[in-house]
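Below: one structure in structure tokens.
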Amino acid sequence: MANEDSAALAAVGPRLRALRHQRGTTLTQLADLTGISVSTLSRLESGSRRPTLELLLPLARAYQVALDELVDAPATGDPRVRPKPIVIHGVTYLPLTRRPGGVQAFKQIFPPDPSAGGRIPQAHEGYEWLYVLSGRIRLLLGDRDLTLTPGEVAEFDTRIPHLFFNPGPGTAEALSLFGPQGERLHVRRGRPERGGRDQRRS
């Protein structure tokens, strides 16, 4: 499975380059469309930069293709969605939508990773909605530290530095909706983590 995942990710760069050439788009034009720097786009295409969900989503929208076309074979036209797993930092993403524009839906499977709280929270354009199916998800959002349990939901502006992971002990599963800024759903908040803000963050 690990070899298959590595092979799929290694094929993303050439597929991105082929798409850009087919559309007659320059790296500079693509950077203007996606907000991704020319140097990052160049490294993605050459394979020296590992593709992440945050990079692939704006590229899928710019090219008007389904996300799984960037990481696997093109869809056959069957209306049923057959998720193709994408593994990033140990988290398995199962795309549940194929429409390139608007909200993108994913099922996420998080292995226990308590040490992930030491990573640096990231910020990017968009809005996210997260529903926990099983296990626990810890969400670091700006200066807030929340723990979400099954049936709880969080929504947030992804321009706020954020990080979410599974503090353990078991596997956690969640549904996630990601869309352009302004596409929001009304939800209730998760519970504050006991002890407040994670002291490892500056």
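The values are calculated or read from the model by the stated rules, or taken from the named source; none is laboratory data. Everything numeric in this text was worked out from a predicted model, so none of it was measured. FYI the Cβ positions are ideal-geometry reconstructions off the backbone, even for glycines, and counts take in every protein chain you see. Side chains included, ligands, DNA and RNA excluded: accessible areas come from the protein's heavy atoms. Shrake-Rupley method; radii C 1.70, N 1.55, O 1.52, S 1.80 Å.
Among what's in region 66-92 and is over 16 Å from the mean Cα position of the chain (by Cα), surrounded by 15 or more Cβ atoms within 10 Å (Cβ to Cβ) and of a type in the set (A, V, I, L, M, F, W, C), pick the residue that is modelled with the lowest pLDDT.
ALA75
Taking the criterion of being open to solvent by less than 80 Å² (accessible area, probe 1.4 Å), in contact with a Leu (Cβ under 8 Å, 6 or more places away or on another chain) and at pLDDT 75 or above, would at least one residue in region 182-200 satisfy it?
no
Where the second residue is at pLDDT 90 or above and among the hydroxyl-bearing types (Ser, Thr, Tyr) and the first is part of a helix (DSSP H, G or I) and surrounded by 12 or more Cβ atoms within 10 Å (Cβ to Cβ) and lies in region 21-32, which pairs have Cβ atoms under 8 Å and are six or more apart or on separate chains?
That search, which allows pairs on different chains as well, returns LEU27/SER42; ALA31/SER37.
For region 113-140, how many residues meet the condition of being assigned to a strand (DSSP E or B), surrounded by fewer than 19 Cβ atoms within 10 Å (Cβ to Cβ) and of a type in the set (A, V, I, L, M)?
Looking only at that region, the number is 1.
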